[in-house]
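J.: Can you read through this structure? Questions will come right after.
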Amino acid sequence: MSRAFNFCAGPATLPEPVLKQAQEEMLDWRGTGMSVMEMSHRSDEFVAIAEEAERDLRELAEIPEDYAVLFMQGGASSQFSTIPLNLLGDKTSADYVNTGIWSKKAIAEARRYGDVNVVASSEDSGFTTVPDPSGWRTRPDAAYLHYTPNETIGGLEFDFVPDSGDVPLVADMSSTILSRPLDVTRYGLIYAGAQKNIGPSGLVVVILRKDLLGKARKETPTMMNYQVIADNGSMYNTPATYSWYLAGLVFKWLKAQGGLEAMAERNERKARKLYRFIDDNDFYANPIEPRFRSRMNVPFTLADEALNRAFLEGAEARGLLNLKGHRSVGGMRASLYNAMPEAGVDALIDYMAEFAKEHG
Ligand code: PMP
């Protein structure tokens, strides 16, 4: 059996060495006679696995001591409500930037808890650009400013970190975390669903400045209260132990690859290649303003939509999987997360060239 190149936006391809190690350790984790899946989350063994994962993440992303790292559940979507419940505090409003479908979902959920001020939106352009920050109508009394650094569906990525002044900056980094170095100190809170650059789905990693703890509204469900989760080392209840373990293996793999600088370089190269090919070939198109094209998710259309099916079938026959675009935008989408090897991008480009020649 050979592994395919899986371009899925999430759950996404994982590094092969990580899967192999998980396979080797599946039945008997280091002489314990059991799988990590079967361990008590309170056992010394699992606590060591969990702590090591956090240490490695802290090292990779250079997370300072005054930030808490939480391993929570419910995916990134649960954070859409957890964030306003915890961060609104005694304030009534929060600022949001709208750059696509994931921003909109975060906004819709936050509206259930407070007054949401959409400071800027690129919806009029079909979300093909990031609104110029000089025109953002931010409010100095906002509890926080939320944005989505990479819109997974639209393929739109910020190339700058917004300046939110004294207002805590909150970022949904689900599809960009660990793809390049980041300055954690610019943020009040960072969150990311795991199933792209971290590990299996379900897990959501939250990195938050400790002074933002302890402000949860009293009706906040205990399981959504950052203070409770932090005080209990993310083990107030049974955490997603196996996902946490796999995330730890991914962090080790990232360190072995040379860390986030090395990933940034590789990701930049992969994306540049694919966009250059698309731009040089009349048969394919990508609508995003070049400066804001995502390095992680590359949507593209064919010159003739009627050929979409043939394109996908041909791709699948070559082991190039999950290239179908999100149902809301159509066309194709190639996700190029950390674990997608450069050879996968090369194989995709070869196929695209061949297909265009045959049908163009
Ligand atoms: N935010 C972004 C940017 C995403 O890409 C996704 C998932 N594709 C989500 C939030 C939702 O994540 P989950 O399915 O883990 O709730």
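The values are calculated or read from the model by the stated rules, or taken from the named source; none is laboratory data. Note that this is a predicted model, so its numbers are computed, not measured. With ideal geometry, Cβ positions are generated from the backbone for all residues, glycine too; neighbour counts draw on all protein chains shown.
J.: I need the full set of residues from segment 183-220 which are in a loop (DSSP other than H, G, I, E, B) and within 15 Å of the ligand (Cβ to nearest atom), in order please.
T.: Ala194, Gln195, Lys196, Asn197, Ile198, Gly199, Pro200, Ser201, Gly202
J.: Starting from residues that are assigned by TED's automatic domain parsing to the domain that holds Glu62 and among the β-branched types (Val, Ile, Thr), keep the ones in segment 240-295 and report whichever is farthest from Phe127 (Cα to Cα).
T.: Top of the filtered list is Thr241.
J.: Continuing with the same structure: Is it true that Phe46 is buried (at least 18 other Cβ atoms within 10 Å of the Cβ), more than 16 Å from the ligand (Cβ to nearest atom) and not assigned by TED's automatic domain parsing to the domain that holds Asp172?
T.: no
J.: Look at segment 213-242 and say how many of its residues are surrounded by fewer than 21 Cβ atoms within 10 Å (Cβ to Cβ) and closer than 24 Å to Glu62 by Cβ.
T.: 3
J.: Still on this model: Counting just the residues of segment 59-78 that are part of a helix (DSSP H, G or I) and farther than 13 Å from Ile190 by Cα, which one comes out farthest from the ligand (Cβ to nearest atom)?
T.: Glu59
J.: Right, here's the next one. Using beta carbons and a limit of 8 Å, which pairs, at least six apart or on different chains, have the first residue in segment 61-75 and in the same structural domain as Gly248 (by TED's automatic domain parsing) and the second one away from the ligand (no atom under 13 Å from the Cβ) and small (Gly, Ala, Ser)?
T.: Final answer for the pair search is Ala68/Ala230; Leu70/Ala230; Leu70/Ser234; Phe71/Ala50; Phe71/Ala53; Phe71/Ser234; Phe71/Ala247; Met72/Ser234.
J.: Pick from segment 87-106 the residues that are closer than 24 Å to Lys210 by Cα and in a helix (DSSP H, G or I): which of them is farthest from the ligand (Cβ to nearest atom)?
T.: By that ranking, first place goes to Leu87.
J.: Another question, then. Is it the case that segment 158-169 has a residue that's crowded, with 18+ Cβ neighbours inside 10 Å and either over 27 Å from Asp95 (Cα atoms) or among the acidic types (Asp, Glu) (or both)?
T.: No, because not a single residue in segment 158-169 is crowded, with 18+ Cβ neighbours inside 10 Å and either over 27 Å from Asp95 (Cα atoms) or among the acidic types (Asp, Glu) (or both).
J.: Tell me which residues, restricted to segment 156-177, are within 14 Å of the ligand (Cβ to nearest atom) and assigned to a loop (DSSP other than H, G, I, E, B).
T.: Correct list: Phe158, Met173, Ser174, Ser175, Thr176, Ile177.
J.: If the requirement is being in contact (Cβ under 8 Å) with a residue 24 or more places away in the chain and assigned to a helix (DSSP H, G or I), which of these qualifies: Met263, Met235?
T.: Exactly one residue qualifies, and that residue is Met263.
J.: Going residue by residue through segment 245-252, is there one that turns out to be among the charged types (D, E, K, R), modelled with pLDDT of 95 or more and under 18 Å from Val205 (Cα atoms)?
T.: Scanning segment 245-252 turns up at least one residue that is among the charged types (D, E, K, R), modelled with pLDDT of 95 or more and under 18 Å from Val205 (Cα atoms).
J.: How many residues, within segment 223-276, are of a type outside the set (D, E, K, R) and closer than 30 Å to Phe292 by Cα?
T.: Of the residues in segment 223-276, 17 are of a type outside the set (D, E, K, R) and closer than 30 Å to Phe292 by Cα.
J.: Would you check if Ala271 is out of contact with any Ser or Thr (no Cβ under 6 Å at 6 or more places or on another chain) and under 30 Å from Ser43 (Cα atoms)?
T.: Spelling it out, it is not the case that Ala271 is out of contact with any Ser or Thr (no Cβ under 6 Å at 6 or more places or on another chain) and under 30 Å from Ser43 (Cα atoms).
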